[in-house]
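**Student:** Attaching a single structure in structure tokens format; questions to follow.
The values are calculated or read from the model by the stated rules, or taken from the named source; none is laboratory data. Here the structure is a predicted model, which is why all the values come from computation and not from measurement. Cβ atoms come from the backbone with ideal geometry, glycine included; neighbour counts cover every protein chain shown.
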Amino acid sequence: MKLVSIVGLGYIGLPTAILAAQSGYKVSGFDINKDRVEKINLGDPTIIEPGINQRLYAVLGNKSFQATCELQEADCFVIAVPTPFKDSSKKADLSYVFDAGKNIARKLKHGNLVILESTVPVGTTVKLAQLLQQESGLKLGLDFCVAHCPERVLPGRIFQELVENDRVIGGTCYHASDLAKNFYSKFTKGKLYLTNDKTAEMVKLVENSSRDIQIALANSIDMMCSKAGISSNEVIEFANKHPRVNILKPSCGVGGHCIAVDPWFLIEGFRAESKLLRQARDINDKKPYIVLDSVFSRIKLLKKQGVTNPRISVLGLTFKPDVDDLRESPALKIALELNKVSDLAVCEPNIKESQLKSIGFDNIMTMPESVEWADIVLILVAHSEFMAIKKLDLKDKDIIDSCGLLYAIDKAKFNIFVQGAKKLECEI
Ligand code: SAJ
């Protein structure tokens, strides 16, 4: 297996293509976006990821990798295309996967392997295999093989995780799993577990559903603690001291293109059996509105106290800390709602001012500027830059911290659990 064609040069496809090229394959990266292909061939990876520029430069330089809008023949095809929702329904849009399949079918030859890496509903890999068979006229299992090997990487650590993480490979036949294992073993140090296609599909979906449920639990704990007047961050921290408990963190909601999306692929296929997943989705989807409600009650209170038009500083807009990604961001959703009705300043150090303006935010400030300007400081995302907030003058500021930033600062500073202890002191 020498020639590899990667279909889709996004966050997963491009790093995979580069790594495969660095480990001895001759790689062609296909993308439908001509502009992206041109940029990549000129050395601009079009995504931000540590180490990617140097790596891309190296594989372009030694000609082990090239991007193209014309799918090339290969020994192994890897599909890494998006699987978003269909319109406003929460059903998976598999058109990119099947378009990739149709395209590959035209180039398919005896002995080829096709690997699907995109996250898909259970049963999709076999549908892709049938499509490839129909369109190419070749026989599945005899002429070509198909396997599903879902990606598992964290943006910001993609190259490390592509190498180090264990992977699950599900073939439509044993030979497919074995061939795919052979492909990944050239650049993966993690263990490669072999199974069937449906199991691999289900594994990926339950991994992300498990995170969603854990975050929903954290958000429920947060709502209960808020009623009880105690710190949810501290409760979770202490509960996690139990050797078999591991609750995630409360936040202003769940965003991104994975955790908030993948559970729906199970809900779509297993409506009756997935009630817990559905409830977790509802809880996490409701969280931005709960944060909004608490902002509105503070506004009301300040107005009663004579502040006619309370100014709000929003800290953080991305879907999670220290990324430049606004996709499905609950923080952005909250800020856009507030922008309609309040005097707002936003501070988002990871996004360019021009992009923030194009979204509709006119008042863009640094953290010190916005904190000084505001009556209410709304912390939505715990970016590293915001760890300096306690150095600013916060007296007379009404602070709403939806992501445990202040708790994290206290913990880092005093290395003790201060919030409950502080409260105890006051009560005594
Ligand atoms: N979140 C919380 N509380 C937490 C952790 C996360 O509210 O304790 C929120 C985040 O703020 C964010 C959302 O959940 O809005 C999702 O964040 P995430 O870090 O869990 O997930 P993603 O979407 O960045 O990437 C995940 C990967 N996550 C991790 O490894 C931690 C990985 O599991 C998957 O391979 C990837 O999705 C994917 O592609 O499916």
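**Student:** Can you run down the residue pairs with Cβ atoms below 7 Å, 6 or more apart or on separate chains, where the first is in the stretch 34-49 and within 13 Å of residue 68 (Cα to Cα) and the partner is in a loop (DSSP other than H, G, I, E, B) and among the hydrophobic types (A, V, I, L, M, F, W, C)?
**Tutor:** Within 7 Å, the pairs are 34/69; 36/9; 37/69; 40/9.
**Student:** Kindly provide the set of residues from the stretch 289-339 that are assigned to a helix (DSSP H, G or I), of a type in the set (Lys, Arg) and either within 21 Å of residue 396 (Cα to Cα) or at pLDDT below 95 (or both), ordered by number.
**Tutor:** 298, 300, 303, 304
**Student:** Test residue 60 against the criterion of being out of contact with any strand residue (DSSP E or B) (no Cβ under 6 Å at 6 or more places or on another chain) and closer than 24 Å to residue 181 by Cβ, and give yes or no.
**Tutor:** No.
**Student:** Can you tell me how many residues in the stretch 204-227 are of a type in the set (Asp, Glu) and surrounded by fewer than 20 Cβ atoms within 10 Å (Cβ to Cβ)?
**Tutor:** Number satisfying all stated conditions: 1.
**Student:** When both residues are 6+ apart or on different chains and their Cβ atoms are under 7 Å apart, which pairs have a first residue that lies in the stretch 171-187 and is assigned to a loop (DSSP other than H, G, I, E, B), and a second that is at pLDDT below 95?
**Tutor:** none
**Student:** Out of 410, 398, report the one residue that is modelled with pLDDT of 90 or more, surrounded by 12 or more Cβ atoms within 10 Å (Cβ to Cβ) and not hydrophobic (A, V, I, L, M, F, W, C).
**Tutor:** 398
**Student:** Scan the stretch 188-203 residue by residue and report those that are outside any loop (DSSP other than H, G, I, E, B) and either surrounded by 18 or more Cβ atoms within 10 Å (Cβ to Cβ) or away from the ligand (no atom under 14 Å from the Cβ) (or both).
**Tutor:** Scanning the stretch 188-203 gives 192, 193, 194, 195, 196, 197, 198, 199, 200, 201, 202.
**Student:** State which residue is nearest to residue 102 (Cα to Cα) when the search covers only the stretch 161-170 and only residues that are in a helix (DSSP H, G or I) and of a type in the set (A, V, I, L, M, F, W, C).
**Tutor:** 162
**Student:** When you scan the stretch 245-266, do you find a residue that is away from the ligand (no atom under 16 Å from the Cβ) and crowded, with 17+ Cβ neighbours inside 10 Å, even just one?
**Tutor:** Looking through the stretch 245-266, none of the residues is away from the ligand (no atom under 16 Å from the Cβ) and crowded, with 17+ Cβ neighbours inside 10 Å.
**Student:** Sort out which residues of the stretch 311-331 are near the ligand (Cβ under 8 Å from one of its atoms) and touching a strand residue (DSSP E or B) at 6+ places or on another chain (Cβ under 6 Å), and write them in order of number.
**Tutor:** Hits for the stretch 311-331: nothing passes.
**Student:** Within the stretch 221-242, is even one residue outside any helix (DSSP H, G or I) and in contact (Cβ under 8 Å) with a residue 60 or more places away in the chain?
**Tutor:** Within the stretch 221-242, one or more residues are outside any helix (DSSP H, G or I) and in contact (Cβ under 8 Å) with a residue 60 or more places away in the chain.
**Student:** Quick one: would you say residue 349 is surrounded by fewer than 19 Cβ atoms within 10 Å (Cβ to Cβ) and either assigned by TED's automatic domain parsing to the domain that holds residue 377 or touching a strand residue (DSSP E or B) at 6+ places or on another chain (Cβ under 8 Å) (or both)?
**Tutor:** When the stated conditions are applied, residue 349 passes them.
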